[in-house]
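What follows is one structure encoded as structure tokens, with my remarks underneath.
Please treat every number below as a calculation from the coordinates, not as lab data. The structure presented is a predicted model; accordingly, all values stated were derived computationally and were not measured. Please note: Cβ atoms are built from the backbone with ideal geometry, for glycine as well, and neighbour counts cover all protein chains shown.
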Amino acid sequence: MNSSITRLTGFASGLDTDSIVKKLMNAESIPLNKLKQNQQKQTWLSDAYRQWNTDLLAFRTNTIFNMNLSKTYNTFTVTSSQENSVSASTSGSSLAGTYSVAVKQLAESAAFTGSKVQLDPTKTLGNSVQGSAQVTADTSITMDIYNNPKNPSAFQSVTIDIKTTDTINDVVSKINDAKDSNGKSLGVQAYYDPTLQQFILKTKETGAATKIDLSKNTSAESQSFLSNTLGLDTTKLVAVGHNANIIFNGNEITNLTSNNATIMGINFSFKSTTVDANGNVMPSTVTVSQNPDEVIKNIKDFVDKYNSLLEKLNNAIQEPVYRDYLPLLDEQRGDMSEKQIEMWEEKAKSGLLRSDSILTDVANKMRYAMTSIVDNGSPYHSLASIGISSKSYQDKGKLYVDEAKLREAIQADPDAIEKLFSQLGDTTKGTNGVVNQVSNVLQEGMKKLTNKAGYAGNSQYDQSVIGKLLTNMQADITQQTKKLSQKEDQYYRQFAVMEQAMSKFNSQSSWLYQQMGGGM
């Protein structure tokens, strides 16, 4: 306690005034200390509630979300008889079956590939070392690029200036970096390979709508540059791309602008044609089969995570309370080591959420949801019916998986299994899947936790129930601290008055003693 008054400590009485006042203040401070300890306990409780809010959100956002995805249940194994030509992968909407896929034509970009021209990339084009490919005067080339499959008639036009001081690499960079009048990139790639001694120019997009038109370059200088330096055939200055031509189960498809396509929910990648040397089309056989092993793995993983969350809830609401271990005061901490403080607070925090109504409600409702019957039009309408259940009451809701029974259910009615878990409906009518029921329970619990203690990361002195309580406690602590300071000052003033009185009495006694002859 701080005081501005002058403190006279036992100069006349010989009393240890500081020690006496300290003992008096210890007694006076008991209500304040209890308030501080309660404040610390409420702070710990707020932290615990907020952590549970975070944990429930994480489970709902990750585990529940994944269990609602179709791909969790629709897992497949895919094989292709010509993997180097046709490969495939599945999605949640894939249909199992055997498919015939032939590739007559790959989707191609519009491209120019020059004939061999020996250029030294380290020398300028105007250098005589370039021989017949030498550029003797500055020139330019104009390119019209059609690169928009959604609007085939739209094109971008750009003019590239060619200097005798440029190298072939400079020309390549100018083309690759070029933008149209709107500042938009052309979507083309240029490259000169010194090993192949070839210049290549192509659109990034593929399909019949792509086109590179160099026909506007009619001057002798530009024609010479295109022919002699880049090795292009100036009689063929328009390059057009091609769509892929696929035969799928006997149906010819010619409108694919890419070599990747999704057909029957299967993602195909076309790598090369399936045409032999004689021009005969040789289809690839792609087989898509249900993979129950992956579905079982996904369900078991969900059950494991559910069990972990439920066990954590059960531990929290059954944790023992050590009533003799109260939150430490600052002066108590000063007499203890860090390890002793840690061990003490572990006991003091234990049981904060014992029998907590919010967590108990969440645990009970989760267990109810996981044992509910779902109207999914199948005898596989509960977790128990597919081999997922508790073994005894002592398990406290923990679930075990009978893998053989689960596999049998998946193979018999895979659609029912997906609906059992993820069907979106009305819980009161029995049409809501179990994971959606659990999701609703968690959402309700999170709402209550937020109302009780707010969100993690926010000030604990918020508008939640505990936040308001902490605010009021802090106001009481401030007021009581001020009163104690005033009380301490009062004690010191009273002792000061006593000391002054005793000093005066001692002086008078000494004078009388002297007047009486000093005891003679």
Highest mean packing first, using Cβ neighbours within 10 angstrom, the peptides 172-185, 75-88 sort as 75-88, 172-185
With the dipole of the chain defined by +1 on each Lys or Arg Cβ and -1 on each Asp or Glu Cβ, the option from 421, 496, 486 whose Cα lies farthest towards the positive pole is 496
Among trypsin sites (Lys or Arg not before Pro) in the stretch 387-419, those in a DSSP loop whose Cβ has at most 12 other Cβ atoms within 10 Å are 391
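Calculate the FRET efficiency for residue 331 and residue 81 from the Cβ-Cβ distance with a Förster distance of 51 Å, rounded to the nearest 0.05. Write out the running numbers ahead of the final one.
Values: r = 81 Å, r/R0 = 1.59.
With R0 = 51 Å, the Cβ-Cβ based efficiency is 0.05.
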Expressed in nanometres to one decimal, the distance between label points 7 Å along Cα→Cβ at residue 482 and residue 275 is 9.3
Of the candidates 460, 143, 251, the farthest towards the positive dipole end of the chain (Lys/Arg Cβ +1, Asp/Glu Cβ -1, centred on the Cα centre) is 460
Plugging the Cβ-Cβ distance of residue 153 and residue 415 into 1/(1 + (r/R0)^6) at R0 = 41 Å yields, to the nearest 0.05, a FRET efficiency of 0.35
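From the Cα gyration tensor of the stretch 178-285, with a ≥ b ≥ c the square roots of its eigenvalues, which class applies: rounded if a/c is under 1.5, or else prolate if a/b is larger than b/c, or else oblate?
Details: a/c = 2.60, a/b = 1.88, b/c = 1.39.
Because a/c hits 1.5 or more and a/b exceeds b/c, the stretch 178-285 counts as prolate.
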Computed over the chain, the relative contact order (Cα-Cα under 8 Å, seq sep at least six) in percent reads 22
Counting only DSSP loop positions in the stretch 186-273, the trypsin sites (Lys or Arg not before Pro) whose Cβ has at most 11 other Cβ atoms within 10 Å are 236
Quick calc: nm separation of the 7 Å Cα→Cβ label points for residue 405 and residue 58 -> 3.2
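If contacts are Cα pairs under 8 angstrom and at least 6 residues apart, what is the relative contact order of the stretch 304-422 in percent?
Across the stretch 304-422, relative contact order equals 24 percent.
Can you tell me how the stretch 47-129 classifies by the Cα gyration tensor, rounded, prolate or oblate, using a/c under 1.5 as the rounded cut?
In terms of gyration-tensor shape, oblate.
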Here the gain from full extension of residue 456 to residue 301, 0.36 nm per residue of separation minus their alpha-carbon distance, amounts to 53.0 nm
Between residue 176 and residue 123, Cβ-based FRET efficiency (R0 22 Å, step 0.05) works out to 0.60
Among 321, 296, 283, the residue whose Cα sits farthest towards the positive end of the charge dipole of the stretch 281-323, when +1 is placed on the Cβ of each Lys and Arg and -1 on the Cβ of each Asp and Glu, is 321
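For residue 469 and residue 24 in the same chain, what is the full-extension length gain: residue separation times 0.36 nm, less their Cα-Cα distance, in nm?
Values: separation 445, 0.36 × 445 = 160.20 nm, distance 2.95 nm.
157.3 nm is the gain from fully extending residue 469 to residue 24.
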Where a ≥ b ≥ c are root eigenvalues of the Cα gyration tensor, a/c under 1.5 meaning rounded, otherwise prolate if a/b exceeds b/c and oblate otherwise, the chain counts as oblate
Measuring from its Cα centre, the stretch 382-493 shows a charge dipole (+1 at each Lys and Arg Cβ, -1 at each Asp and Glu Cβ) which, in debye to the nearest 20, is 700
The size of the Cβ-based charge dipole (Lys, Arg +1; Asp, Glu -1) of the stretch 90-230 about the Cα centre, to the nearest 20 debye, is 380
With a 18 Å threshold on alpha-carbon distance, the violating pairs from 365/405; 41/452; 312/419 are 365/405; 312/419
The set of residues whose placed amide H lies less than 5 Å from the amide H of residue 256, leaving out same-chain residues fewer than 5 positions away, is 244
Expressed in nanometres to one decimal, the distance between label points 7 Å along Cα→Cβ at residue 197 and residue 65 is 5.7
With +1 on the Cβ of every Lys and Arg and -1 on the Cβ of every Asp and Glu, the dipole magnitude of the chain about its Cα centre, in debye rounded to the nearest 20, is 1500
